Structures are given as structure tokens and as C-alpha cells.
């Protein structure tokens, strides 16, 4: 059975290295198609968030245009684009709100739905999610 | 993100897909053959969740049916119940026990110690959990044989699992170390005494790797080292290597058509299972599983 395990180990190594070694060139920002493309996704995202039965209430009084603009700047900057997010940091922006992990996960789910709807390739989606997911530490207020 | 492994993992509010794993044959959340450190169901922090699964594995000579229930609280603790039936097929017939079914009940608990397998994508720190699985076998007509070999009819496995989703790469890796004395997962009892006492726990590593292809589709492979305590007893009983056991492995594809449903199909290779009555064949075949979360 050791022989079988070596085959498994080899397959594992290949899967990992193929995932780790990216052949992509250019910044994630460029691969996403620049600021306009990001804004298209964020407009869709904000509309979906406001309509979402799980989290929509919390965005009832949020200015959709302003939020989409801020999110666009944030993602643009995080992905290596020429933008500067000037809003509150994540902790301050969510202080006083009741945000559970379920809310945070719902937000991620909606973002994935928007990226799917706007045709963002899955490997770029995971790149973006990997940048944003650690924000759960600051965004979630109810542990 | 994720769909797969956890589509089942989304509750009304819920958890990200893929984060709850699918159901293992033993009931705990994980891959198909190996428990992971993830806590199953759709429940996330401060939530209860329930998931149910039904699985069938068919190899050259045997069929194993499993039904399982998983309860989880707060992404902290998971309780599982598994009911397994192995149709002994040609082996039962060869032993003069045609139609023999071996039935096993597995009660499991898993506790997350630390870590966030999915969202902590800026660290290498995995999610780590520990678990226990108490297994009770009803061997029916085979019981006198297992008694003669000195195999107990119940046993408890203990394990520790570390799971990490490398989110950027879409690659999930799990390693589990299990202390067990189970023969063929418990279907042939626990430990053996004939031909020299072999009733100690052994540490068996188990590995899983999965690659997310889409937000609701993943492929992967698992490898589970298995004890081989009955081979010596079989030799002492004059069966040669007729009771030898091998490691288990599978290659799977998992798909979550909706948030609450995940389907897994796999090719499994369970190695030899009672080779004395199956011409020494490796038991390869197909594994199909469906999981539903509530």
C-alpha cells in the first residue's frame, strides 16, 4: 500500500504546486479590468446587499452610490490599483452595528453572486476573497 | 466562495459554502473517508445546525450503506450519529452465512480548539479540532468468529485534525491523526488476540486535499492509513493472509447544487477486505453520498 500512498502524495504535491505557482501576470487590479470593472461589480453588490433578507435591513439608510464608490476604492487599493480609500477603517466603520459571523458570511456570499453575475473568473474571485476575508476580525462585532 | 464542501454549510443566515465539509462515512464532517477540523452543518457562530446524509459505497465484493446525522453548535462543537451496514456478499456466503449484514453504530463528538479554516486567509494557521468516535458493532452470525479471533465488538477512536483552506489558491488541505484499534473501520471488530495480543491503539495518519474549481464544485483525494491487526490472527487460525487489511483512499468530486444540498461521487480503493474469500482482490468501486442541511 505504500506504493499507492506515494501516488497520492505525488498528486497532492502537484495539486498544491499548480495552485501556488500562478502564471498570472500584472496586478490583480489589472486582471480585474481596472476601476470601471470593479465599480460594475460593486454597484451590483450594493443592490443585492440592500435586497438581501438577511442583511438588507442594516443597509436601509445607506447611500448606495457612496457605498459602491467607497468599496470600489477599497478593492482598487487592495488589489494594487491607483486608488486611495479614505473612509473609516473597518473597525470604526462597523462599531455600534450588530454584525454576526452569519451576517459576514452572507455578505461574502452576496459578493460571490455579484462576481459570478459580472463574469469575474473564479481564480480572481478567490484572490479577492483572500484579501477581504481577514477583515472578519474587524467587521464582526458580535462574537 | 465555496460551495461545495459546504453548501451544506449554509444556514438561514449561515456559513460559507464549503466550510462545513461533507459527511464522512462515520458521520463527522470532513471528506468522505476522513474527518476534518471543520464543524459541520450550516450553523455558524451562535447558531445550531443539523445536517443529514446518506451514502453508499459499492466495491467488487461488498456494499456499505451509511446514514448519518450531524448536529453542531457555534462552530465549536459537533455531535454525529452514523449507522453503517456492510453487505458481506461473497464472503458471507463463503462463511456459510449468506446474506450476512454487519451493522455498526457510531456516536461522535468533535470540538474545535482554535483557528478559522476559511476566513483567516492571511495566515498559515489551520483550524484544529479534536474528536472521539465510539463504535459498536453488531456482527450477527459472524460474532463467534470475531470472538475466536479475539476482536472486541466495540471501540473508541480519538483523533486530532488540522484543516486549512488556502483561499487564494482555492486549495483545502487536511491532516488527521487517529488513535484506533479498529479492524476495517470496525466492521471486523477492534483489536485481536489470536496469534498474540494486538489490542493496543495505533496512530494512523489521514490526509485530504481538495481543489475548488468553482464556488460550488470541488475535486480532491484522500488517503487513510489503516491498522492491520487481524492478519496475524488470521495466520494463527490457518488462514494465511486471508484477513489482511490495507490503507483506504479515494478520489472525489463534490458539488453543491444549492446551499442546502451537496452531492459527492468518488472512486474508492479500500484495498483487501477479507482477501481469503475474495481471491485477494483490492476492493475498488464507487462511492455516492448526498447531504442535506437544515
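Some notes on this structure:
- Cα→Cβ-extended label distance, 7 Å offset, between residue B:236 and residue A:51, nm: 7.0 nm
- q = 0.06, 0.08, 0.09, 0.12 Å⁻¹: log10 I(q)/I(0) that the Debye formula gives for the protein assembly as shown, counting C-alpha atoms only: -0.29, -0.48, -0.59, -0.93
- Chain B - percent relative contact order, Cα under 8 Å, separation 6 or more: 19 percent
- The range B:53-119: relative contact order in percent, alpha carbon pairs under 8 Å with at least 6 residues between: 28 percent
- Gaussian network model of chain A, springs between alpha carbon atoms under 10 Å - residue of A:44, A:52, A:89 with greatest fluctuation: A:89
- As a proxy for reagent exposure, ranking A:59, B:187, B:207 by other Cβ atoms within 10 Å from fewest up yields A:59, B:207, B:187.
- Average silhouette area of the range A:46-120, convex hull of alpha-carbon atoms, in square nanometres: 5.4 nm²
- Computed E for residue A:36/residue B:60 - FRET, C-beta separation, R0 45 angstrom, nearest 0.05: 0.20
- Choice from B:169, B:184, B:133 showing the highest fluctuation, given a GNM over chain B with Cα pairs closer than 10 Å: B:169
- Legend: ranking of residues B:219, B:54 from fewest to most surrounding C-beta atoms inside 10 Å; resulting order B:54, B:219.
- Among B:31, B:191, B:150, residue whose mean-square fluctuation peaks in a GNM of chain B (springs only between Cα atoms under 10 Å): B:150
- Per-residue mean of foreign Cβ neighbours for B:182-188 is 0 (Cβ atoms of other chains, 10 Å radius).
- Using a cutoff of 8 angstrom between alpha carbon atoms and counting only pairs six or more residues apart, the relative contact order for the range B:171-294 works out to 19 percent.
- Each label was represented as a point 7 Å from its Cα along the Cα-to-Cβ direction; for residue B:138 and residue A:143 these points are 4.6 nm apart.
- Inter-chain shielding of A:111-118 (mean C-beta neighbours from other protein chains, 10 Å cut-off): 2
- Cα-based convex hull, the range B:7-293, per residue volume (Å³, whole number): 101 Å³
- Taken residue by residue and averaged, Cβ atoms of other chains lying within 10 Å of the Cβ of B:117-128 number 3.
- Helical content alone sets the calculated 222 nm signal of the protein assembly as shown at -7500 deg cm²/dmol, taking -39,500 (n - 2.57) per DSSP H segment of four or more residues and averaging over every residue.
Computed from the coordinates by the stated procedures, all read-outs in this text should not be read as laboratory data. What you see is a predicted model, and the numbers here were worked out from it, not measured in a lab. Positions of Cβ are backbone-derived with ideal geometry, glycine not excepted, and every protein chain shown enters the neighbour counts.
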